[in-house]
Amino acid sequence: MRSLNIAHRGFSGQYTENTMTAFEKAYEAGADGIELDVRLTKDGEVVIFHDAKIDRMTEGKGAVSEYTLEELQSHPIITRPLQKAIKQAVIPTLSEYLECAKDKPLVTNIELKSIKKNYRLELRVAEAIQIYKMEEQVIISSFLENSLIRMKILAPRAKTGLLLSKYDESTIQMAKELGFNYVHLKAVNLTEEIIESAHAHGLGINTWTINEMKDLEKANALGLYGIITDYPDRLRTIQYND
Ligand code: G3P
Ligand code: CA
């Protein structure tokens, strides 16, 4: 079966990452899935945003968690030139995204952007995917296995993927025993041995982030579950006849 073409932060190779435009353009470019990052605002809203601070993506400063949703959205995102002609972007909420995605044949990979316990974020994400009846269309990923264990309780029909910066056999074993569905591996760590081992444990592999045509071609031949790329258009071209 062909690997899912998963757009990293939307079509972020061309459009501003984690914006509604980047998600819509990824879908138009033929992506099967969207990867996005979520954080919690001061007033408990789930927003789609990668960094802990707003400094890189807006002209404001400070932590996402120190702002209410209204305050955050008063800081427009610094948009890339191609996108500027389309519309000014503001930080989207997860609900806004789910409302758009719910009727599309898309898998959504929601990465919980938390490096410590954040029960409230987990709870809010579970509520949102249940409200929009999207539980079966999402993969929740995190570097924290405890977070995924809780997500399996809160949203049992959602798939789970453990993010790994480094691969080791005991972690794969643990991911299997905890009932996770996928391991998300950095592309540089992929070897045939690792792929065989994960598959032998019944775990699918999603790899990130592959952008060059020659690397996408190689990855496409490996039988992975998903390939996360900033350029879903490139992977679509490679997979055109698959
Ligand atoms: O999900 C894989 C990848 O998105 C993790 O890295 O920094 O792009 O969120 P980052
Ligand atoms: Ca991510």
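Here is how the numbers come out for the structure above:
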| read-out | value |
| --- | --- |
| The range 205-238: number of residues that are farther than 20 Å from Tyr15 by Cβ, within 11 Å of ligand 1 (Cβ to nearest atom) and in contact (Cβ under 8 Å) with a residue 24 or more places away in the chain | 2 |
| Unique residue being part of a helix (DSSP H, G or I) and away from ligand 2 (no atom under 16 Å from the Cβ) when the list is Lys214, Lys166 | Lys214 |
| Test: residue in the range 46-62 that is β-branched (Val, Ile, Thr) and without any contact (Cβ under 8 Å) to a residue 40 or more places away in the chain | yes |
| Extreme residue, farthest from His50 (Cα to Cα), among residues of the range 88-111 that are within 16 Å of ligand 1 (Cβ to nearest atom) and in contact with a His (Cβ under 9 Å, 6 or more places away or on another chain) | Asn109 |
| Matching entry among Ala126, Ala158, Ala175 (being surrounded by 14 or more Cβ atoms within 10 Å (Cβ to Cβ) and either more than 26 Å from Thr229 (Cβ to Cβ) or out of contact with any strand residue (DSSP E or B) (no Cβ under 6 Å at 6 or more places or on another chain) (or both)) | Ala126 |
| Selection within the range 98-114 - away from ligand 2 (no atom under 16 Å from the Cβ), more than 16 Å from Ala158 (Cα to Cα) and charged (D, E, K, R) | Glu99, Asp103, Lys104 |
| Whichever residue in the range 105-118 is in contact with a helix residue (DSSP H, G or I) (Cβ under 7 Å, 6 or more places away or on another chain) and either of a type in the set (S, T, N, Q) or free of Cβ contacts under 8 Å to residues at least 60 places away in the same chain (or both) and, among such residues, is nearest to Leu94 (Cα to Cα) | Thr108 |
| Flag if Ala7 is within 16 Å of ligand 2 (Cβ to nearest atom), part of a helix (DSSP H, G or I) and under 22 Å from Leu106 (Cα atoms) | no |
| Of all residues in the range 41-66 being within 16 Å of ligand 1 (Cβ to nearest atom) and assigned to a strand (DSSP E or B), the one that is surrounded by the most Cβ atoms within 10 Å (Cβ to Cβ) | Ile48 |
| Enumeration of residues in the range 13-37 that are among the polar types (S, T, N, Q), out of contact with any strand residue (DSSP E or B) (no Cβ under 9 Å at 6 or more places or on another chain) and in a loop (DSSP other than H, G, I, E, B) | Gln14 |
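Rule-based calculations on the coordinates, nothing more; no lab input. Since we're looking at a predicted model, the values are computed, not measured. We place every Cβ from the backbone using ideal geometry, glycine too, and count neighbours over all the protein chains shown.
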